[in-house]
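Values quoted throughout were computed directly from the atomic coordinates according to the rules given, and no laboratory measurement underlies them. Keep in mind the model is a prediction, meaning the values are calculated, not measured. With ideal geometry, Cβ positions are generated from the backbone for all residues, glycine too; neighbour counts draw on all protein chains shown.
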Amino acid sequence: MLPAYLSHADCLKHEMGAQHPESPERLGAVSDQLLMRGLLDYMHAFDPPLATQDQLARAHSADYLQQFADTGANVPEDGYVQIDPDTRINAYSYRAALRAAGAAVMAADLVATGKAPVAFCNIRPPGHHAERAAAGGFCFFNNVAVAILHALDTYGLERVALVDFDVHHGNGSEDILAGDQRVLMCSSFESGIYPFCGDVPKAANMVNTGLPSRSGGKAFREAVSQHWIPALDAFRPQLLFISAGFDGHREDDMGNLGLTEADFEWVTRELVGVANRHAKGRIVSCLEGGYELSPLGRSAAAHVKVLIGAD
């Protein structure tokens with residue numbers, strides 16, 4: 001039984017312009033590093049399906065789903081439709097978003113049913129800024145929230161945790177999951193940058209640890225050790241999801257936290273420990289941010305190496 005690796009060519013077809021940082025090349029940067037380090041030899045690759053409307057409707061409103069479907073169906077073949085100042089879609093974006101969410105759902109199925117011990121989804125568009133009724137921040141469907149709610153409703157789980165270490169707060173995940181006592185969400189992020197929220201949690205099931213600019217790895221590790229791990233151990237999740245954003249790396253100018261591959265490796269090891277204590281080791285990790293290709297690939301490889309037990 002090998003760890004699962006989920007990705008799809010549809011995710012490469014979504015693009016927002018030649019100079020946009022959320023580029024198709026991000027997926028290649030990750031897969032190339034996994035291949036070069038031999039990590040894919042220890043993983044079973046799966047071909048994920050498109051998410052269904054019923055799966056999406058657990059996390060998103062019916063009006064939003066219809067609006068996005070209508071917008072996606074009317075994009076010119078060689079043009080774009082602007083969603084917000086930083087986010088737009090091309091003719092292939094809607095299908096790519098369905099595929100990314102479908103990958104997260106399939107990963108949850110594989111891990112929850114014991115067909116894979118852990119899973120990593122190398123997918124785009126990312127998802128953690130997508131709210132229940134709004135796209136934004138390069139995100140359209142909240143991949144990880146869709147998968148979490150699917151797992152809860154399908155497998156009779158009582159406690160599922162989401163950990164988000166992207167440099168930007170997962171405001172969409174918080175919007176969807178706040179107040180759901182079946183879920184504990186832990187989010188670290190750089191305070192004062194997009195989406196300009198998160199320092200005040202929306203509900204008691206949110207553990208938000210905003211960090212000042214230039215905090216570095218020491219402050220990040222202290223926040224995780226002091227706030228996340230005790231909360232996760234008290235919650236005792238039966239399944240753990242990770243929104244794995246690597247834009248907190250010191251070489252990525254999307255943020256200014258100053259993290260390194262060693263920090264992502266360390267936090268993954270801590271989360272594997274939580275999963276081993278409470279969730280039979282079961283983890284689903286979904287790619288979120290990370291926009292400088294070299295540090296993205298290196299950081300994702302450091303994360304996956306620990307996730308699959310190849311460290």
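Things to note:
- Placing a pseudo-label 7 Å from each Cα along the Cα-to-Cβ vector at Asp41 and Ser213 gives an inter-label distance of 4.5 nm.
- For the range 50-144: rounded, prolate or oblate by the Cα gyration tensor [a/c cutoff 1.5]: prolate
- Short-range pairs are left out: with C-alpha atoms under 8 Å and at least six residues apart, the relative contact order of the chain is 20 percent.
- Low-density loop positions, GluC sites (Glu not before Pro), the range 116-177 - DSSP coil, at most 11 other Cβ in 10 Å: Glu158
- Peptides 109-121, 27-39 ordered by average Cβ neighbours within 10 Å, highest first: 109-121, 27-39
- When mean projected area of the Cα convex hull in nm² is computed from the coordinates, the matching label among (1) 35.6; (2) 13.6; (3) 23.9 is (2).
- Cα gyration tensor, the range 85-196 - rounded (a/c under 1.5), prolate or oblate: oblate
- From phi via Karplus (6.51, -1.76, 1.60), per-residue ³J(HN,Hα) for the range 167-177 in Hz, x at Gly/Pro: 5, 9, 4, x, 5, x, 4, 5, 4, 7, 9
- Couplings 3J(HN,Hα) of the range 129-137, computed from phi: 8, 6, 8, 4, 10, 7, 7, x, x Hz, in residue order, whole Hz [Karplus 6.51 cos²θ - 1.76 cosθ + 1.60, θ = phi - 60°; x for Gly and Pro].
- Considering only Gly172, Gly17, Phe196, and ranking their Cα positions along the charge dipole of the range 4-307 that arises from unit charges at the beta-carbon of Lys, Arg, Asp and Glu, the one farthest toward the positive end is Gly172.
- Estimated [θ] at 222 nm from DSSP helical runs (n ≥ 4, -39500 (n - 2.57)) normalised by residues in the chain, nearest 500: -12000 deg cm²/dmol
- Taking Ser299, Ser215, Ser23 in turn, the Gaussian network model of the chain (Cα-Cα springs below 10 Å) assigns the largest fluctuation to Ser215.
- In a fully extended conformation the segment linking Ala204 and Ala310 would gain 34.6 nm over its present Cα-Cα distance, using 0.36 nm per residue.
- A cut-off under 9 angstrom between Cβ atoms defines the neighbours of Ser188, and their net charge, with Lys, Arg +1 and Asp, Glu -1, is -3.
- Here the chain is assigned +1 on the Cβ of each Lys and Arg and -1 on the Cβ of each Asp and Glu. Its dipole about the Cα centre then comes out at about 940 debye.
- Karplus (6.51, -1.76, 1.60) ³J(HN,Hα), θ = phi - 60°, over the range 245-256, in Hz, Gly and Pro reported as x: x, 10, 7, x, 5, 5, 9, 9, 7, 6, x, 9
- Other-chain or far-sequence residues with amide H under 5 Å of Phe241's (modelled H): Ala161, Leu162, Val163, Val284
- Distant-in-sequence amide contacts of Val167, defined by a placed amide H-H separation under 5 Å and a gap of 5 or more residues or a different chain, comprise Asp247, Gly248.
- Between the amide H of Leu211 and those of Phe189, Glu190, Ser191, distances stay under 5 Å, these residues lying 5 or more places away or on another chain, with hydrogens modeled in the peptide plane.
- Mean separation of Cα contacts under 8 Å, 6 or more apart, over the residue count of the range 69-179: relative contact order %: 23 percent
- Difference of contour (0.36 nm per residue) and Cα-Cα distance, Ser294 to Phe196: 32.6 nm
- Distance violations [Cα-Cα > 25 Å] among Lys280/Lys305; Lys115/Lys305; Lys115/Lys202: Lys115/Lys202
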